[in-house]
1. Tell me the residue from Pro39, Pro123, Pro115 that is surrounded by 18 or more Cβ atoms within 10 Å (Cβ to Cβ) and over 16 Å from the mean Cα position of the chain (by Cα), please.
2. Please determine, by comparing only the residues of the range 50-103 that are part of a loop (DSSP other than H, G, I, E, B) and among the aliphatic types (A, V, I, L, M), which one is nearest to Arg302 (Cα to Cα).
3. Could you grab me the full set of residues in the range 247-278 that are more than 12 Å from the ligand (Cβ to nearest atom) and farther than 22 Å from Asp221 by Cβ?
4. Name the residues in the range 123-146 that are polar (S, T, N, Q) and either in a helix (DSSP H, G or I) or more than 10 Å from the ligand (Cβ to nearest atom) (or both), would you?
5. Taking into account only those residues within the range 206-237 that are in a loop (DSSP other than H, G, I, E, B) and within 16 Å of the ligand (Cβ to nearest atom), which is farthest from Ile266 (Cα to Cα)?
6. For the range 167-205, how many residues are charged (D, E, K, R) and part of a helix (DSSP H, G or I)?
7. Could you please find all residues in the range 309-332 being open to solvent by 10 Å² or more (accessible area, probe 1.4 Å), out of contact with any strand residue (DSSP E or B) (no Cβ under 7 Å at 6 or more places or on another chain) and in contact (Cβ under 8 Å) with a residue 12 or more places away in the chain?
8. If you go through the range 176-204, how many residues are within 16 Å of the ligand (Cβ to nearest atom) and open to solvent by 20 Å² or more (accessible area, probe 1.4 Å)?
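The values are calculated or read from the model by the stated rules, or taken from the named source; none is laboratory data. Only a predicted model underlies this, so the values are computations on that prediction, with no experimental measurement involved. FYI the Cβ positions are ideal-geometry reconstructions off the backbone, even for glycines, and counts take in every protein chain you see. Side chains are part of the model used for accessible areas, which takes the heavy atoms of the whole protein and leaves out ligands, DNA and RNA. Shrake-Rupley method; radii C 1.70, N 1.55, O 1.52, S 1.80 Å.
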Amino acid sequence: MRTTTSRITRRAMLAAAAALAAGGAWAQGDTVKIGVILPMTGPSASTGKQIDAAIKLWVAQNGNKAGGKKVEVIVKDDAGVADTTRRLAQELVVNEKVVALAGFGLTPLALATAPIATQSKTPMVIMAAATSSITEASPYVVRTSFTLPQATLGLADWAAKNKIRKVVSLVTDYGPGNDAEKYFAERFTLDGGTVIEKLRTPLRGADFAPVLQKVRDAQPDALFVFLPSGQGAAFMKQFAERGLDKSGIKLIATGDVTDDDQLADIGDVALGVVTSHHYSAAHNSLANKKFVEAFQAANKFRPNFMAVAGYDGMRLIYMGLANSKGAGGDALLAGMKGQVFESPRGPVLIDAQTREIVQDIYTRKVERVNGQLYNVEFDTQKAVKDPAKVK
Ligand code: DHB
(Lines give C-alpha, C1' and ligand atoms only; values in the text may rest on other atoms or scores of the structure.)
Protein backbone atom coordinates (compact mmCIF):
# COMPACT_ATOMS: atom_id res chain seq x y z
CA MET A 1 0.00 0.00 0.00
CA ARG A 2 1.23 3.51 -0.80
CA THR A 3 1.92 5.92 1.99
CA THR A 4 0.18 9.29 2.13
CA THR A 5 3.49 11.03 1.68
CA SER A 6 4.28 9.29 -1.56
CA ARG A 7 0.76 10.03 -2.88
CA ILE A 8 1.20 13.70 -2.07
CA THR A 9 4.66 13.73 -3.59
CA ARG A 10 3.29 12.05 -6.70
CA ARG A 11 0.42 14.53 -6.96
CA ALA A 12 2.82 17.43 -6.51
CA MET A 13 5.07 15.98 -9.19
CA LEU A 14 2.19 15.57 -11.61
CA ALA A 15 1.08 19.14 -10.94
CA ALA A 16 4.62 20.38 -11.54
CA ALA A 17 4.84 18.41 -14.79
CA ALA A 18 1.49 19.82 -15.96
CA ALA A 19 2.62 23.34 -15.09
CA LEU A 20 5.85 22.81 -17.02
CA ALA A 21 4.00 21.43 -20.04
CA ALA A 22 1.77 24.51 -19.94
CA GLY A 23 4.87 26.68 -19.73
CA GLY A 24 4.69 27.20 -23.48
CA ALA A 25 2.35 30.12 -22.87
CA TRP A 26 5.26 32.36 -23.95
CA ALA A 27 5.05 34.85 -26.69
CA GLN A 28 1.36 35.63 -26.32
CA GLY A 29 1.96 39.32 -25.73
CA ASP A 30 4.43 41.91 -27.00
CA THR A 31 7.20 40.91 -24.60
CA VAL A 32 9.40 37.83 -24.49
CA LYS A 33 11.41 37.02 -21.39
CA ILE A 34 14.82 35.34 -21.27
CA GLY A 35 15.62 33.60 -17.97
CA VAL A 36 19.35 33.64 -17.21
CA ILE A 37 20.62 31.54 -14.29
CA LEU A 38 24.21 32.18 -13.20
CA PRO A 39 26.48 31.70 -10.19
CA MET A 40 26.68 35.38 -9.17
CA THR A 41 27.94 34.39 -5.70
CA GLY A 42 29.97 31.43 -4.41
CA PRO A 43 33.15 29.85 -5.80
CA SER A 44 32.15 30.31 -9.46
CA ALA A 45 31.07 33.97 -9.10
CA SER A 46 33.61 35.13 -11.70
CA THR A 47 31.71 33.08 -14.31
CA GLY A 48 28.48 34.87 -13.37
CA LYS A 49 30.17 38.27 -13.36
CA GLN A 50 31.67 37.74 -16.83
CA ILE A 51 28.52 36.38 -18.48
CA ASP A 52 26.22 38.97 -16.87
CA ALA A 53 28.49 41.79 -18.10
CA ALA A 54 28.50 40.32 -21.62
CA ILE A 55 24.70 39.99 -21.71
CA LYS A 56 24.34 43.61 -20.63
CA LEU A 57 26.82 44.65 -23.34
CA TRP A 58 24.85 42.73 -25.98
CA VAL A 59 21.59 44.42 -24.98
CA ALA A 60 23.25 47.87 -24.79
CA GLN A 61 24.61 47.41 -28.33
CA ASN A 62 21.63 45.66 -29.93
CA GLY A 63 18.62 47.06 -28.12
CA ASN A 64 15.81 45.25 -26.34
CA LYS A 65 13.85 44.08 -29.39
CA ALA A 66 14.07 40.81 -31.29
CA GLY A 67 11.67 39.05 -33.65
CA GLY A 68 9.27 41.99 -33.35
CA LYS A 69 8.97 41.60 -29.55
CA LYS A 70 10.32 43.52 -26.61
CA VAL A 71 12.95 41.43 -24.83
CA GLU A 72 13.22 41.33 -21.06
CA VAL A 73 16.22 39.59 -19.50
CA ILE A 74 15.77 38.19 -15.97
CA VAL A 75 19.01 37.22 -14.19
CA LYS A 76 18.87 34.85 -11.19
CA ASP A 77 21.73 33.78 -8.90
CA ASP A 78 22.01 30.04 -8.17
CA ALA A 79 25.32 30.39 -6.23
CA GLY A 80 26.50 27.32 -8.15
CA VAL A 81 24.08 24.96 -6.33
CA ALA A 82 22.25 22.52 -8.64
CA ASP A 83 19.03 22.26 -6.58
CA THR A 84 18.75 26.04 -6.69
CA THR A 85 19.35 26.12 -10.46
CA ARG A 86 16.57 23.59 -11.01
CA ARG A 87 14.12 25.43 -8.74
CA LEU A 88 14.88 28.79 -10.40
CA ALA A 89 14.46 27.27 -13.87
CA GLN A 90 11.09 25.82 -12.87
CA GLU A 91 9.94 29.20 -11.54
CA LEU A 92 11.17 31.03 -14.63
CA VAL A 93 9.30 28.62 -16.92
CA VAL A 94 6.06 28.32 -14.93
CA ASN A 95 5.68 31.83 -13.47
CA GLU A 96 7.62 34.08 -15.84
CA LYS A 97 6.87 32.01 -18.96
CA VAL A 98 10.37 32.61 -20.30
CA VAL A 99 10.95 31.90 -23.96
CA ALA A 100 14.49 30.64 -23.30
CA LEU A 101 16.67 29.60 -20.38
CA ALA A 102 20.35 30.56 -20.48
CA GLY A 103 23.56 30.68 -18.43
CA PHE A 104 24.60 27.49 -16.51
CA GLY A 105 27.99 28.10 -14.94
CA LEU A 106 28.90 24.49 -14.16
CA THR A 107 28.06 21.09 -15.63
CA PRO A 108 25.95 19.79 -12.68
CA LEU A 109 23.78 22.93 -12.90
CA ALA A 110 23.11 22.37 -16.60
CA LEU A 111 22.39 18.65 -16.13
CA ALA A 112 19.95 19.37 -13.27
CA THR A 113 17.96 21.74 -15.52
CA ALA A 114 17.89 19.78 -18.78
CA PRO A 115 14.71 17.77 -17.88
CA ILE A 116 12.83 21.04 -17.31
CA ALA A 117 13.83 22.25 -20.78
CA THR A 118 12.58 18.97 -22.26
CA GLN A 119 9.25 18.89 -20.41
CA SER A 120 8.43 22.54 -21.15
CA LYS A 121 9.97 22.57 -24.67
CA THR A 122 12.07 25.58 -23.67
CA PRO A 123 15.36 26.14 -25.53
CA MET A 124 18.24 26.16 -23.04
CA VAL A 125 21.44 27.95 -24.04
CA ILE A 126 24.61 26.71 -22.33
CA MET A 127 26.96 29.70 -21.98
CA ALA A 128 29.59 28.16 -19.66
CA ALA A 129 29.36 24.44 -18.87
CA ALA A 130 31.55 22.28 -21.09
CA THR A 131 31.07 18.54 -20.49
CA SER A 132 30.42 16.94 -23.85
CA SER A 133 27.31 15.00 -22.76
CA ILE A 134 25.25 18.09 -21.79
CA THR A 135 23.79 18.56 -25.28
CA GLU A 136 22.59 14.94 -25.15
CA ALA A 137 20.70 15.53 -21.88
CA SER A 138 17.85 17.34 -23.71
CA PRO A 139 16.96 18.02 -27.37
CA TYR A 140 16.35 21.65 -26.28
CA VAL A 141 19.96 22.25 -25.19
CA VAL A 142 22.07 24.45 -27.50
CA ARG A 143 25.67 25.36 -26.61
CA THR A 144 27.74 28.51 -27.20
CA SER A 145 30.61 27.67 -24.82
CA PHE A 146 32.82 24.73 -25.85
CA THR A 147 33.52 21.13 -24.92
CA LEU A 148 36.62 19.82 -23.18
CA PRO A 149 37.28 17.15 -25.85
CA GLN A 150 37.14 19.98 -28.43
CA ALA A 151 39.68 22.09 -26.51
CA THR A 152 42.02 19.24 -25.58
CA LEU A 153 43.00 17.24 -28.68
CA GLY A 154 45.09 20.00 -30.27
CA LEU A 155 47.14 20.35 -27.11
CA ALA A 156 47.94 16.62 -27.06
CA ASP A 157 49.16 16.93 -30.65
CA TRP A 158 51.23 20.00 -29.79
CA ALA A 159 52.84 18.19 -26.84
CA ALA A 160 53.76 15.14 -28.91
CA LYS A 161 55.32 17.35 -31.59
CA ASN A 162 57.35 19.25 -29.00
CA LYS A 163 59.46 16.47 -27.49
CA ILE A 164 57.06 15.75 -24.63
CA ARG A 165 56.89 11.98 -24.13
CA LYS A 166 55.74 11.42 -20.52
CA VAL A 167 52.83 13.38 -19.07
CA VAL A 168 51.02 13.47 -15.73
CA SER A 169 47.45 14.76 -16.00
CA LEU A 170 45.66 16.70 -13.28
CA VAL A 171 41.95 17.49 -13.59
CA THR A 172 39.02 18.50 -11.40
CA ASP A 173 37.03 15.39 -10.51
CA TYR A 174 33.74 15.92 -12.36
CA GLY A 175 32.31 15.94 -15.91
CA PRO A 176 34.62 18.33 -17.76
CA GLY A 177 37.68 16.98 -15.93
CA ASN A 178 36.75 13.40 -16.90
CA ASP A 179 36.43 14.53 -20.54
CA ALA A 180 39.75 16.40 -20.50
CA GLU A 181 41.62 13.48 -18.89
CA LYS A 182 40.16 10.89 -21.26
CA TYR A 183 40.52 12.80 -24.52
CA PHE A 184 44.02 14.08 -23.73
CA ALA A 185 45.25 10.57 -22.84
CA GLU A 186 43.64 8.88 -25.86
CA ARG A 187 45.09 11.36 -28.33
CA PHE A 188 48.49 11.65 -26.70
CA THR A 189 48.79 7.84 -26.70
CA LEU A 190 47.88 7.72 -30.40
CA ASP A 191 50.59 10.35 -30.93
CA GLY A 192 53.14 8.01 -29.30
CA GLY A 193 53.24 9.57 -25.82
CA THR A 194 52.38 8.11 -22.41
CA VAL A 195 50.25 9.46 -19.57
CA ILE A 196 52.12 7.98 -16.62
CA GLU A 197 49.75 9.14 -13.87
CA LYS A 198 46.23 10.56 -13.73
CA LEU A 199 45.55 12.84 -10.75
CA ARG A 200 42.31 14.51 -9.66
CA THR A 201 41.29 17.24 -7.21
CA PRO A 202 37.76 17.87 -5.86
CA LEU A 203 35.52 20.62 -7.33
CA ARG A 204 35.08 22.29 -3.94
CA GLY A 205 37.95 23.20 -1.64
CA ALA A 206 40.74 21.82 -3.80
CA ASP A 207 44.18 21.70 -2.13
CA PHE A 208 46.84 21.32 -4.78
CA ALA A 209 49.79 20.61 -2.44
CA PRO A 210 49.41 16.78 -2.28
CA VAL A 211 48.95 16.35 -6.03
CA LEU A 212 51.82 18.70 -6.83
CA GLN A 213 54.09 16.57 -4.64
CA LYS A 214 53.02 13.52 -6.67
CA VAL A 215 53.82 15.39 -9.88
CA ARG A 216 57.28 16.24 -8.60
CA ASP A 217 57.91 12.60 -7.62
CA ALA A 218 56.74 11.28 -11.01
CA GLN A 219 59.13 13.61 -12.92
CA PRO A 220 57.14 13.77 -16.18
CA ASP A 221 58.23 15.91 -19.16
CA ALA A 222 54.99 17.86 -18.74
CA LEU A 223 51.98 18.30 -16.48
CA PHE A 224 48.63 18.62 -18.31
CA VAL A 225 45.96 20.48 -16.30
CA PHE A 226 42.23 21.21 -16.53
CA LEU A 227 40.59 23.22 -13.75
CA PRO A 228 37.34 25.17 -14.04
CA SER A 229 37.43 28.94 -14.45
CA GLY A 230 38.32 30.66 -11.17
CA GLN A 231 40.80 28.05 -9.85
CA GLY A 232 43.79 28.91 -12.07
CA ALA A 233 45.32 31.57 -9.81
CA ALA A 234 45.27 29.39 -6.67
CA PHE A 235 46.78 26.49 -8.60
CA MET A 236 49.53 28.56 -10.22
CA LYS A 237 50.43 30.11 -6.87
CA GLN A 238 51.03 26.67 -5.34
CA PHE A 239 52.80 25.47 -8.49
CA ALA A 240 55.30 28.32 -8.04
CA GLU A 241 55.52 28.05 -4.23
CA ARG A 242 56.57 24.40 -4.55
CA GLY A 243 59.22 25.35 -7.12
CA LEU A 244 57.61 23.33 -9.90
CA ASP A 245 58.06 26.24 -12.31
CA LYS A 246 61.83 25.69 -11.97
CA SER A 247 61.76 21.88 -11.93
CA GLY A 248 61.99 21.32 -15.68
CA ILE A 249 58.42 19.94 -15.75
CA LYS A 250 56.58 21.87 -18.46
CA LEU A 251 53.09 23.08 -17.65
CA ILE A 252 50.45 22.67 -20.37
CA ALA A 253 46.71 23.22 -19.85
CA THR A 254 43.36 24.03 -21.30
CA GLY A 255 42.77 27.79 -21.44
CA ASP A 256 40.56 27.59 -18.34
CA VAL A 257 43.76 27.66 -16.25
CA THR A 258 45.35 30.78 -17.81
CA ASP A 259 41.92 32.45 -17.79
CA ASP A 260 41.90 36.08 -18.99
CA ASP A 261 39.88 36.88 -15.84
CA GLN A 262 42.81 35.83 -13.61
CA LEU A 263 45.95 36.18 -15.74
CA ALA A 264 47.01 39.48 -14.16
CA ASP A 265 46.65 37.94 -10.66
CA ILE A 266 48.60 34.84 -11.68
CA GLY A 267 51.53 37.00 -12.75
CA ASP A 268 54.87 36.09 -14.32
CA VAL A 269 54.80 32.42 -13.29
CA ALA A 270 52.35 32.02 -16.20
CA LEU A 271 54.86 33.26 -18.80
CA GLY A 272 55.50 30.57 -21.42
CA VAL A 273 52.63 28.29 -20.37
CA VAL A 274 51.14 26.67 -23.49
CA THR A 275 47.39 26.11 -23.58
CA SER A 276 44.65 25.40 -26.09
CA HIS A 277 41.23 27.03 -26.10
CA HIS A 278 38.60 28.72 -28.22
CA TYR A 279 39.00 32.29 -26.96
CA SER A 280 41.70 34.73 -25.96
CA ALA A 281 41.12 38.42 -25.28
CA ALA A 282 44.19 38.88 -27.50
CA HIS A 283 42.52 37.18 -30.50
CA ASN A 284 43.60 39.19 -33.50
CA SER A 285 40.46 40.22 -35.39
CA LEU A 286 38.52 43.42 -35.88
CA ALA A 287 35.40 41.85 -34.33
CA ASN A 288 37.36 40.96 -31.20
CA LYS A 289 39.08 44.34 -30.92
CA LYS A 290 35.65 46.01 -30.97
CA PHE A 291 34.26 43.53 -28.44
CA VAL A 292 37.17 43.88 -26.00
CA GLU A 293 37.16 47.69 -26.27
CA ALA A 294 33.42 47.97 -25.64
CA PHE A 295 33.53 45.39 -22.83
CA GLN A 296 36.41 47.15 -21.07
CA ALA A 297 34.77 50.55 -21.51
CA ALA A 298 31.69 49.19 -19.69
CA ASN A 299 33.52 47.11 -17.04
CA LYS A 300 36.72 47.33 -15.06
CA PHE A 301 37.91 43.92 -16.20
CA ARG A 302 38.93 42.04 -19.33
CA PRO A 303 36.42 39.69 -21.03
CA ASN A 304 37.26 35.99 -20.79
CA PHE A 305 35.89 32.90 -22.58
CA MET A 306 32.77 32.96 -20.39
CA ALA A 307 31.97 36.51 -21.53
CA VAL A 308 32.31 35.66 -25.20
CA ALA A 309 29.97 32.67 -24.83
CA GLY A 310 27.40 34.85 -23.02
CA TYR A 311 27.60 37.46 -25.76
CA ASP A 312 27.25 34.84 -28.51
CA GLY A 313 24.45 33.14 -26.59
CA MET A 314 22.48 36.38 -26.67
CA ARG A 315 23.13 36.68 -30.39
CA LEU A 316 21.87 33.12 -30.83
CA ILE A 317 18.64 33.89 -28.94
CA TYR A 318 18.08 37.20 -30.78
CA MET A 319 18.70 35.62 -34.20
CA GLY A 320 16.53 32.65 -33.21
CA LEU A 321 13.70 35.00 -32.23
CA ALA A 322 14.10 36.88 -35.51
CA ASN A 323 13.76 33.56 -37.37
CA SER A 324 10.75 32.42 -35.30
CA LYS A 325 9.11 35.87 -35.50
CA GLY A 326 9.09 36.07 -31.73
CA ALA A 327 7.66 32.58 -31.08
CA GLY A 328 9.24 30.24 -28.53
CA GLY A 329 9.35 26.45 -28.17
CA ASP A 330 10.19 24.35 -31.22
CA ALA A 331 10.06 27.37 -33.56
CA LEU A 332 12.72 29.18 -31.52
CA LEU A 333 14.84 26.02 -31.28
CA ALA A 334 14.65 25.61 -35.08
CA GLY A 335 15.60 29.27 -35.47
CA MET A 336 18.74 28.73 -33.41
CA LYS A 337 20.01 25.64 -35.24
CA GLY A 338 22.45 26.03 -38.10
CA GLN A 339 23.38 29.63 -37.39
CA VAL A 340 26.72 30.77 -38.80
CA PHE A 341 28.30 34.00 -37.58
CA GLU A 342 31.53 35.73 -36.73
CA SER A 343 32.09 35.72 -32.99
CA PRO A 344 34.82 37.73 -31.25
CA ARG A 345 36.53 34.30 -30.94
CA GLY A 346 36.45 33.71 -34.74
CA PRO A 347 34.00 32.04 -37.15
CA VAL A 348 31.41 29.75 -35.51
CA LEU A 349 28.54 27.47 -36.52
CA ILE A 350 25.76 25.97 -34.41
CA ASP A 351 25.64 22.39 -35.72
CA ALA A 352 21.96 21.72 -36.48
CA GLN A 353 22.34 17.98 -35.75
CA THR A 354 24.20 18.09 -32.43
CA ARG A 355 23.30 21.66 -31.28
CA GLU A 356 26.99 22.07 -30.47
CA ILE A 357 29.17 25.00 -31.40
CA VAL A 358 31.74 24.27 -34.14
CA GLN A 359 34.68 26.63 -33.73
CA ASP A 360 38.39 27.23 -34.26
CA ILE A 361 40.67 26.03 -31.45
CA TYR A 362 43.90 27.91 -30.90
CA THR A 363 47.21 26.87 -29.39
CA ARG A 364 48.49 29.79 -27.33
CA LYS A 365 51.42 30.82 -25.17
CA VAL A 366 51.33 33.30 -22.29
CA GLU A 367 53.39 36.37 -23.24
CA ARG A 368 53.72 39.93 -22.09
CA VAL A 369 52.10 42.33 -24.56
CA ASN A 370 52.27 46.09 -23.85
CA GLY A 371 53.05 45.35 -20.21
CA GLN A 372 50.18 42.89 -19.65
CA LEU A 373 50.00 39.10 -19.79
CA TYR A 374 47.94 37.56 -22.60
CA ASN A 375 47.33 34.16 -24.16
CA VAL A 376 48.91 34.82 -27.56
CA GLU A 377 47.57 32.48 -30.24
CA PHE A 378 50.24 30.88 -32.47
CA ASP A 379 48.41 28.01 -34.18
CA THR A 380 44.80 27.37 -35.28
CA GLN A 381 42.76 24.22 -35.85
CA LYS A 382 39.89 25.27 -38.07
CA ALA A 383 36.21 24.45 -37.49
CA VAL A 384 36.62 21.83 -34.75
CA LYS A 385 33.49 19.78 -33.97
CA ASP A 386 33.07 18.17 -30.55
CA PRO A 387 35.22 15.04 -31.08
CA ALA A 388 33.01 13.07 -28.68
CA LYS A 389 30.20 13.31 -31.27
CA VAL A 390 32.29 12.57 -34.37
CA LYS A 391 32.10 8.80 -34.72
C1 DHB B 1 33.00 23.95 -16.60
C2 DHB B 1 33.17 25.06 -15.79
C3 DHB B 1 34.20 25.93 -16.05
O4 DHB B 1 34.38 27.02 -15.27
C5 DHB B 1 35.10 25.71 -17.08
O6 DHB B 1 36.11 26.56 -17.27
C7 DHB B 1 34.93 24.60 -17.88
C8 DHB B 1 33.88 23.71 -17.64
C9 DHB B 1 31.88 23.00 -16.34
O10 DHB B 1 31.46 22.87 -15.18
O11 DHB B 1 31.41 22.36 -17.28
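1. Numbers: Pro39 fails: over 16 Å from the mean Cα position of the chain (by Cα); Pro115 fails: surrounded by 18 or more Cβ atoms within 10 Å (Cβ to Cβ).
Exactly one of Pro39, Pro123, Pro115 is surrounded by 18 or more Cβ atoms within 10 Å (Cβ to Cβ) and over 16 Å from the mean Cα position of the chain (by Cα), namely Pro123.
2. Of the residues in the range 50-103, the ones part of a loop (DSSP other than H, G, I, E, B) are 63-64, 67-68, 78-81, 95-99.
Within this subset, residues satisfying the condition of being among the aliphatic types (A, V, I, L, M) are 79, 81, 98-99.
Numbers: Ala79: 22, Val81: 26, Val98: 30, Val99: 30 Å.
It comes out as Ala79.
3. Scanning the range 247-278 gives Leu263, Ala264, Asp265, Ile266, Gly267, Asp268.
4. Just the residues of the range 123-146 that are polar (S, T, N, Q), to begin with: 131-133, 135, 138, 144-145.
Result: Ser132, Ser133, Thr135, Ser138, Thr144.
5. Let us first name the residues in the range 206-237 that are in a loop (DSSP other than H, G, I, E, B), namely 206-208, 219-221, 227-231.
When the remaining residues are screened for being within 16 Å of the ligand (Cβ to nearest atom), the result is 206, 227-231.
Details: Ala206: 17, Leu227: 14, Pro228: 15, Ser229: 13, Gly230: 11, Gln231: 11 Å.
For the range 206-237, the residue satisfying everything is Ala206.
6. The first filter runs over the range 167-205 and keeps only residues charged (D, E, K, R), leaving 173, 179, 181-182, 186-187, 191, 197-198, 200, 204.
Add one more test, that the residue is part of a helix (DSSP H, G or I), and what stays is 179, 181-182, 186-187.
Residues in the range 167-205 being charged (D, E, K, R) and part of a helix (DSSP H, G or I): 5 in total.
7. Let us first name the residues in the range 309-332 that are open to solvent by 10 Å² or more (accessible area, probe 1.4 Å), namely 311, 315, 318-319, 322-325, 327, 330-331.
Those left that are additionally out of contact with any strand residue (DSSP E or B) (no Cβ under 7 Å at 6 or more places or on another chain): 311, 319, 323-325, 327, 330-331.
Selection gives Tyr311, Met319, Asn323, Ser324, Lys325, Ala327, Asp330.
8. Filtering the range 176-204 down to residues within 16 Å of the ligand (Cβ to nearest atom) leaves 176-184, 200-204.
Those still in the list that are open to solvent by 20 Å² or more (accessible area, probe 1.4 Å) too: 178-179, 181-183, 200, 202-204.
Adding up the residues that qualify gives 9.
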